[in-house]
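S.K.: Submitted below is the structure of interest, expressed as C-alpha cells.
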Amino acid sequence: LQTYLRAQPDGCATMFQLKMTFFRRTTYAAMKTYFRIQPDTFIVIGQSVILCAQQATTDASQPPPAYTLPLPAFVNGAADSSSSSQGLRCGVCNLMFSSRFQLVRHKETRQHRIKVMASQLKNQGAWSANKGGVDVSELHEVEVAEGQEAVQFLQIRNNSAQPVLLLSFSLIQRSPSIRLADSHGRPAPGLEESVPANGGHISIAVHIRPQALGLLRDIVVLEFEGFAIARKVSAACEPNLGPDMPNIAPTAPYVPRAKPKVDRARNDQAVPGEKPKRITTMWENPPAQFSPEPWLEQAIENGNLELVEALLSSPIIDAQSYGYKLHLLLWVEEMQHEVDIRQYDMAQAALTPRSGGLVGLQVPGLAENRPSVMKGDALYVTPPGGGKEWQGYVHRVERDEVQLKFHPTFMRTQLFSASRYDVRFSIKRSTFVFMQNAIARAKLPDVLHPCTLLGKAGELMAP
C-alpha cells in the first residue's frame, strides 16, 4: 500500500496529506477506523484507497495493480449539496452528521429512502394517485377519546394482471401514537408480501392511540416494486369527560354588575403623609393647580349633565372658546378617573409595619395594574368606626403590596390601636395639571384652532 501511495502524483494537497498519514499506520483495521473519524475530504478518498488495498497483491515483488485513485467532486472544487457550506446535513431528513461516512450510511437506510419517496410524491402532487394498477383506500379523520384506541384499515387492491410486490410500509414522522401492522400482525416495515393479481387484496391496520390532546397527523408510505403510494393519517383526540361532567351552559342572560355610587369629594382635612425623596425640580413658571370649577363639580355630583352637554356641544367661535372647551374636557376626564379609581377602595384592610418606618398594605390585583399604583401616589386610611383620615404616600411598589409612609403621629398613636382600616384610593393630578397648563400657555389666537392643529381634517371638524 505504501508503494502504491508513493507512486501517485502529488498534485493535490489532500492526497499528499493522505500519503503522509498512511505511512504511520500499518494495519488495515487502524486505517479503516482512522478514515471513519476524519473530515469529509478524506472519507471518499479513504474508501477508495481501502478498496485499492483489498485488490492489491500481497507479493511485494510484484508491482501494485494499475488503479487510479478517484477524487470526489468537492476535492476538484465542485459544489456539493451536503458539503461545508451547509455542513454534513441531510436536507430530506433535516439531520446533521459529524462525518461524511455517517452521512453515506444514513442515506442507505430505509427511513431515508421512504422520506425521499414521500418528498418526490409531494413535489409531483401525487399523494393520492394510484399507480401500477394498485388502488389504495383513503383514511378519513377519526375522533378518539382520551385513553381509547381507534383502528382503521388501508385496503390495497391489485387490479392488474400481474402480482405486485409490497416491499415495505412505514410512517414519515414515526409518531408513537400510531402503529402499523400487516394482515399477519407484523409491525412496520413488515415483510415483503405479494398482492395477488386480478382483484387480489391485502390490508394494513392503522392503530391510533393518542398520547396527548389535540390533532394527530402523519403519512403512511407504501413502497412497491418500482413505485410508491402515500396516504394521510389524521385523528383528533378529545378529553374523556364522562357522564359526570357538570353542565356549564349559561342558565340566564348575563347582567353586568352594577357599580356602586362613590363619593369623589376630596377631604382637605386629612393628616398629610411623608412624600418620597426625589430630585428637586426648579420651575421657572410653576404651573397652577387648575382644579375643576365648583359649578362643574356640583353639576356632575347632582346629575345635572344637561348643562355640561350644552357647553361641550356649543360652537367654536374663536381660540378662547376652543381653549375653554379643552379645559372643560380635561376636567370631566379627571373627575371620571377619580370615580374609576374609587372602585378599588378596600374595607377592613390590614396594615403591617415594615422597616424604615414604612407600612405594608396588600392590594389584590396590583400585579395586573388593577388598580394602577405608582411611587408617589397618595392613599387614605380611616379607622373602621370613623374618625380622622390619614394620608400615606407610596414609597415602594412590590408584586402585590405597596409600602406607605404616614405622618409620624400615625406611627406612634394609630398603627397599633386598630388592626383594620378602610382604604381610599386617589389619582395623581400632575398629568392633568401639565395638560391644563399647556392649554393656558397657548396665547396665540390661532394655535388652538382645529384648522391649525389638524390641517384639512380640522376644517371638516370645525363648525
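The values are calculated or read from the model by the stated rules, or taken from the named source; none is laboratory data. From a predicted model like this one, the values you see are computed outputs, not experimental measurements. Cβ placement follows ideal geometry from the backbone for every residue including glycine, while neighbour counts extend to all protein chains displayed. Each accessible area value is taken on the protein alone, full model and side chains, heavy atoms only, with ligands, DNA and RNA left out. Shrake-Rupley method; radii C 1.70, N 1.55, O 1.52, S 1.80 Å.
S.K.: Give me the accessible area of Met435, 1.4 Å probe, in Å² rounded to the nearest 10.
M.R.: 80
S.K.: Mind listing the long-range amide H neighbours of Leu95? Cut-off is under 5 Å, sequence gap 5 or more, other chains count too, H placed in the peptide plane at 1.01 Å from N.
M.R.: Amide H neighbours of Leu95, under 5 Å, 5+ apart: Cys90.
S.K.: Need the list of aspartates and glutamates near Lys107 for cross-linking: C-alpha distance under 18 angstrom, and skip anything on the same chain fewer than eight residues off.
M.R.: Asp40, Asp80, Glu223
S.K.: Another one. Please list Leu215, Leu312, Leu307, Leu171 in order of solvent-accessible area, largest first, computed with a 1.4 Å probe with all protein chains present.
M.R.: Working: Leu215 110, Leu312 55, Leu307 80, Leu171 15 Å².
Most to least solvent-accessible, the answer reads Leu215, Leu307, Leu312, Leu171.
S.K.: Of the cross-linked pairs Lys388/Lys428; Lys325/Lys388; Lys277/Lys325, which ones have a Cα-Cα span greater than 26 Å in the structure shown? It would help to have the intermediate numbers written out before the result.
M.R.: On the way: Lys388/Lys428 22 Å; Lys325/Lys388 38 Å; Lys277/Lys325 37 Å.
Listed pairs above 26 Å: Lys325/Lys388; Lys277/Lys325.
S.K.: Still on this structure, I have one more. Top to bottom by accessible area (1.4 Å), largest first, where do Tyr254, Tyr380 land? Each step should come with its number before you reach the end.
M.R.: Values: Tyr254 190, Tyr380 35 Å².
In descending accessible area the options line up as Tyr254, Tyr380.
S.K.: In straight Cα distance, which aspartates and glutamates are under 15 Å from Lys275, not counting same-chain residues fewer than 8 positions off?
M.R.: Answer for Lys275, where 15 Å is the Cα cut-off: Asp377, listed by chain and number.
S.K.: Sticking with this structure for a sec: If amide H atoms are built 1.01 Å from N in the plane of the peptide, which residues on other chains or at least 5 residues away come under 5 Å of the amide H of Glu146?
M.R.: Amide H neighbours of Glu146, under 5 Å, 5+ apart: Glu238, Asn240.
S.K.: Tell me the accessible surface of Ser183 in square angstrom (1.4 angstrom probe, heavy atoms of protein chains only), to the nearest ten.
M.R.: 70
S.K.: With each label point set 7 Å from Cα along the Cα-Cβ vector, what nm distance links Gln289 and Val271?
M.R.: 2.2
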